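What follows is a set of notes on a single structure, which appears directly below.
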DNA sequence: ACCTGAACACCGTTCAAGT
DNA sequence: ACCTGAACACCGTTCAAGT
């Protein structure tokens, strides 16, 4: 009788939207968005892919759902500190979350149909900026500047073929010799210099955010 | 005899990589990346999808190819002007090209396997910055700041459900009433203000680039 | 109430066979 | 030399039928 007991037990846990979305998110985290198929999600839950359609309308709905979960992981901008500190903390959290779920960056179409976590997040950010005296136009501009930088940084980071200086060094060893000094002299030289100085892409994020916060303070905050 | 003459004539044009890539690019421009299937590309060329494999290794190769074409459309940074002017012109061109080919932004994975246009572009940008006295580290930082902003801006622009103030107004009419004043007060207010003032997202790009160029001038150019 | 077998339309891709 | 028919493995999705 105990034959297949475990499988049956696993099955007994009733399926629901939350379990489906969590399974999908784990699959995407592990294998990227191309591994996220309805069939894989079903398998992870001990169920056929067709069963999922009772809990999500279709794959698009599933993607919207997991993108909103990712959004919910981003720290809301703290209150009780200056707008700069608050925006800085939020930006760092956002990049961290996107680095953890790199597949999510390419799924921004979902923002056309924002989920509840997304809306709440937007409202909080705008609240902090408005509370610090930004006009609606200035708050929008500041928000857009920060998010453009954050998403663009994350987008590039997600597709970087190296992370650690060691990986960069390895990549440099194989790539740099292929860059002819006549055709790509600057690329070659900069590549050599970066490898030699142990460049770490991730360290570039905070100086960039500070530069942008500076500009916002200086040019955006009290405008219109 | 003239039966099918035209079709035959079209077929006579020998297939080659360039024709395949150009057809693929047109399809993506017209219908987005989800309409870009091997079958559609073949159809556009009067050929079965299997014939394409003589000219591209596989679909990934085809995507790499069209992304590099997109890259080639971005204006190289002009020389003979200040680094700021040069970077500004390049940035504006890059955003314009990405707005014309919004599907390309999600295909950045291809940057792991950069094509010739991509390499040439990188080399030119680094050349301008190095020529203006930027160290390798400073040039990398400046380049990364600009590109993060450009890509992030384009990524958001590509998924914006509105372009013109009229579209924004229409969207506002349908969305704003759904935002409860208790749950999303700031989002609601900012939405109302933006609609009322005729906000145009695209106009935000240049002030943002100028803010970043300012920061680079001030903080990055002469460092390390 | 919840799950699935069978079926469909559509992908990318290979390869032997056609011209 | 260039193209294609047939075939395969894999998608997302619907729906009638099962428990």
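The values are calculated or read from the model by the stated rules, or taken from the named source; none is laboratory data. Treat the numbers as computed from the prediction; the structure is a model and nothing was measured. Virtual Cβ from ideal backbone geometry, glycine too; neighbours counted across all protein chains shown.
Numbers for the structure displayed
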| item | result |
| --- | --- |
| All positions within the range B:70-86 that are touching a helix residue (DSSP H, G or I) at 6+ places or on another chain (Cβ under 6 Å) and not in a loop (DSSP other than H, G, I, E, B) | B:70, B:71, B:72, B:73, B:83, B:84, B:86 |
| Residue match in the range B:61-68 (condition: in contact with a helix residue (DSSP H, G or I) (Cβ under 8 Å, 6 or more places away or on another chain) and within 16 Å of DNA strand D (Cβ to nearest atom)) | yes |
| Selection status of residue A:126, crowded, with 21+ Cβ neighbours inside 10 Å, more than 18 Å from residue A:209 (Cβ to Cβ) and within 11 Å of chain B (Cβ to nearest Cβ) | yes |
| Within the range A:164-220, helices (runs of 4 or more DSSP H) holding 1 or more residues that are more than 30 Å from residue A:138 (Cβ to Cβ) and not assigned by TED's automatic domain parsing to the domain that holds residue A:139 | A:165-175, A:185-197 |
| Every pair of residues 6+ apart whose Cβ atoms lie under 7 Å, when the first sits in the range A:165-194 and is closer than 13 Å to residue B:127 by Cβ while the second is outside any helix (DSSP H, G or I) and at pLDDT below 95 | A:187/A:179; A:188/A:179; A:188/A:181 |
| Cβ-Cβ under 7 Å pairs, at least 6 apart or on other chains, the range A:143-154 side more than 7 Å from chain B (Cβ to nearest Cβ) and part of a helix (DSSP H, G or I), far side modelled with pLDDT under 95 and surrounded by 24 or more Cβ atoms within 10 Å (Cβ to Cβ) | A:154/A:105 |
| Search result, residues across the range B:95-142 that are more than 23 Å from residue B:205 (Cα to Cα) and in a loop (DSSP other than H, G, I, E, B) | B:113, B:114, B:115, B:132, B:133, B:134, B:135 |
